[in-house]
1. Can you find a residue in region A:136-146 that is open to solvent by less than 10 Å² (accessible area, probe 1.4 Å) and within 12 Å of another protein chain (Cβ to nearest Cβ)?
2. For region B:197-212, enumerate the residues that are open to solvent by less than 10 Å² (accessible area, probe 1.4 Å) and within 25 Å of A:TRP70 (Cβ to Cβ).
3. Looking at region A:200-240 only, could you name the residues that are part of a strand (DSSP E or B), within 14 Å of ligand 1 (Cβ to nearest atom) and either open to solvent by less than 60 Å² (accessible area, probe 1.4 Å) or without any contact (Cβ under 8 Å) to a residue 24 or more places away in the chain (or both)?
4. Can you confirm whether A:VAL144 is closer than 15 Å to A:GLN88 by Cα and out of contact with any Cys (no Cβ under 8 Å at 6 or more places or on another chain)?
5. Go through region B:219-259 and give me each residue that's touching a strand residue (DSSP E or B) at 6+ places or on another chain (Cβ under 9 Å) and open to solvent by less than 30 Å² (accessible area, probe 1.4 Å).
6. For region A:160-176, enumerate the residues that are crowded, with 18+ Cβ neighbours inside 10 Å and within 16 Å of ligand 1 (Cβ to nearest atom).
7. Identify all residues within region A:51-74 that are within 13 Å of ligand 1 (Cβ to nearest atom) and open to solvent by less than 50 Å² (accessible area, probe 1.4 Å); write none if there are none.
8. Among the residues in region A:147-162, are any under 25 Å from B:TYR221 (Cβ atoms), touching a strand residue (DSSP E or B) at 6+ places or on another chain (Cβ under 7 Å) and facing chain B (nearest Cβ under 8 Å)?
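The values are calculated or read from the model by the stated rules, or taken from the named source; none is laboratory data. Since we're looking at a predicted model, the values are computed, not measured. Note that each Cβ is placed from the backbone with ideal geometry, even for glycine, and that neighbours are counted across all protein chains shown. To get the accessible areas, we keep the full protein, side chains included, count just its heavy atoms, and leave off ligands, DNA and RNA. Shrake-Rupley method; radii C 1.70, N 1.55, O 1.52, S 1.80 Å.
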Amino acid sequence: MSALHIAGLVKRFGALTATDDLNLSVAENELHAIIGPNGAGKSTLIGQITGEIQPNSGTITMFHTDVTRWSVPQRSLAGLARSFQITQLCQGFTAEDNVALAIQARQGSSFRFFADARKDRRLRDPARAALARVGLADRADRLVEELSHGEKRQLEIAITLAMTPRLILLDEPMAGMSHDESQKIVALLSSLKGTATIVLIEHDMDAVFALADRLSVLVSGRIIATGTAEEIRVNPDVRDAYLGGDA
Amino acid sequence: MQRGERISQILVALATIALVALPVVAATFGSTYAVTLATRLLIYGMVAVSLDLIIGYGGLISFGHAAYFGLGGYTVAILAFQLAEGVPIFGYDGTNEALVAWPLAMLVSGLAALVFGALSLRTSGAYFIMITLAFAQMVYYVFVALKYYGGDDGLAMARRNTLGGARIVDPQIFYYICLGLLAAVIFLVGRFTRSRFGMVLTGARMNERRMAALGFSVMRYRLVAFVIAGMIAGLGGALWANLARFVSPDMMAWTKSGEFMVMVILGGLGSLFGPVLGAAAFILVESTLSELTEYWQVLFGPVVVLIALFAPRGLWGWLTVRRRGA
Ligand SMILES: Nc1ncnc2c1ncn2[C@@H]1O[C@H](COP(=O)(O)OP(=O)(O)OP(=O)(O)O)[C@@H](O)[C@H]1O
Ligand SMILES: [Mg+2]
């Protein structure tokens, strides 16, 4: 069964075709990496899967439901979660507040007006647990603006996982992290393997080859190859277009 | 944080004591002017608190809040007028009873906020400011044109509403009614802002994109906040009509919307109690400067700018938040 199925997707920005008749199928519980040079259209693809960007044509199917016309919140509630390449956090809230909001989003309507959300253990306990998973337990009460760049990246991942998604899109989650921090995230992602479908965009080839079940190579809005790490490594087109001589 | 909260609690306690004692103290000096002035403060404070819910917490810069204030005022004045004239309105005889008229005022303002909010919340930024202003101006001109209700000249109320059948003659009693309602509004808005609803409303101000990605349809939460704020402003307008025993289109002029914004910014955005302090400062400055010169606003403008520059969290923030590094 495929968790995500994309057919004939096209997105143009003026004269530029950022997504060019793209087809992609990701199996349930697969960890599928997408690699490609800067400006290849990776974030534009993520944007279309989440609903932030409307494609010019093509369809996006999530768990056998056509979601091409769905809004961002609708897709999110259907089990989709994404991390942003450029962190998107609620500045002015603490790390824990940010994660608690992700949990709140999955507990039904938020038209609840009277009880103090910050004293609600059904929000706070799982929020702390999610922070602990990414190694931010001791930063829970810090305001976002007090966190380091790497910590904000970790928080971004804690929020994504706290949404208990079935389909996770990670847009360069390790970018800007220290080596230790990214090691922790690689371990975390590999522990998630088999429990959710993950689409991972990442430039760090060591991480990609260690984690991915399959890879797709995106160049100029087109997927030029899909396969296992071994198949991609020896694919001559990929070597020419992307991996260059050093793979 | 902790120290700021302590200071807030002390300030609120002191303000409560002062406001409760004020009519008694004023009575010993034989002054009714002070009670009237303080009642204005309570009503303006209530409207400013409601505006803070959408501007300070929600980040929705509405420049038309006076429309809901005015609609609330006109609702009670018109209901009393129709009753006195013996002419039913929409098949209803009208009423002079606060327990009916005030909730109706909130309903009318809330419905207007629902319609205008649903249309204006599709926009953001400067467009939102302009469109909320445009709707308020529309309401303003409707009432200027309604000659039956006095048009430009406004509409007088022969006497105050009755409360549960009893007349409210004593200005002190009316003052305490306003004080009680202001306390209720602050209590409720305080609850709302700390609830799950409030977290979504505030989060959407901080990062709308993130909130949508989490699965929140932020527009719905914003609309509900907009309607709540409109209803409270409507109650404020109903009280104002009873204080002045008069309503006029001036209640919904764009300058009035601007004054409410000044109170919120002066007091401190998103500070719950701050807008009441802002309203107090506004009324004090207005009543002292306006005795010196009729161009008092020319003097007041720079004062507001200075406060915005040197106390970005408003008077409340300046009093309660410890300055970093100092
Ligand atoms: N909103 C937009 N308007 C116009 N052009 C855009 C827009 N968004 C992206 N582009 C262009 O589309 C192309 C693909 O951009 P995209 O951000 O998807 O690339 P990417 O693969 O994520 O790159 P990176 O590795 O640098 O993150 C780029 O040439 C970019 O300049
Ligand atoms: Mg990108």
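1. Scanning region A:136-146 turns up at least one residue that is open to solvent by less than 10 Å² (accessible area, probe 1.4 Å) and within 12 Å of another protein chain (Cβ to nearest Cβ).
2. Filtering region B:197-212 down to residues open to solvent by less than 10 Å² (accessible area, probe 1.4 Å) leaves B:197-201, B:203-204, B:210-211.
Hits for region B:197-212 are B:PHE197, B:MET199, B:VAL200, B:LEU201, B:GLY203, B:ALA204, B:ARG210, B:MET211.
3. Passing the criteria: A:LEU200, A:ILE201, A:SER216, A:VAL217, A:LEU218, A:VAL219, A:ILE223, A:ILE224.
4. So A:VAL144 fails the test.
5. Selection gives B:GLY237, B:ALA241, B:VAL247, B:SER248.
6. Matches in region A:160-176: A:LEU169, A:LEU170, A:ASP171, A:GLU172, A:PRO173, A:MET174.
7. A:ILE53, A:PRO55
8. Within region A:147-162, not a single residue is under 25 Å from B:TYR221 (Cβ atoms), touching a strand residue (DSSP E or B) at 6+ places or on another chain (Cβ under 7 Å) and facing chain B (nearest Cβ under 8 Å).
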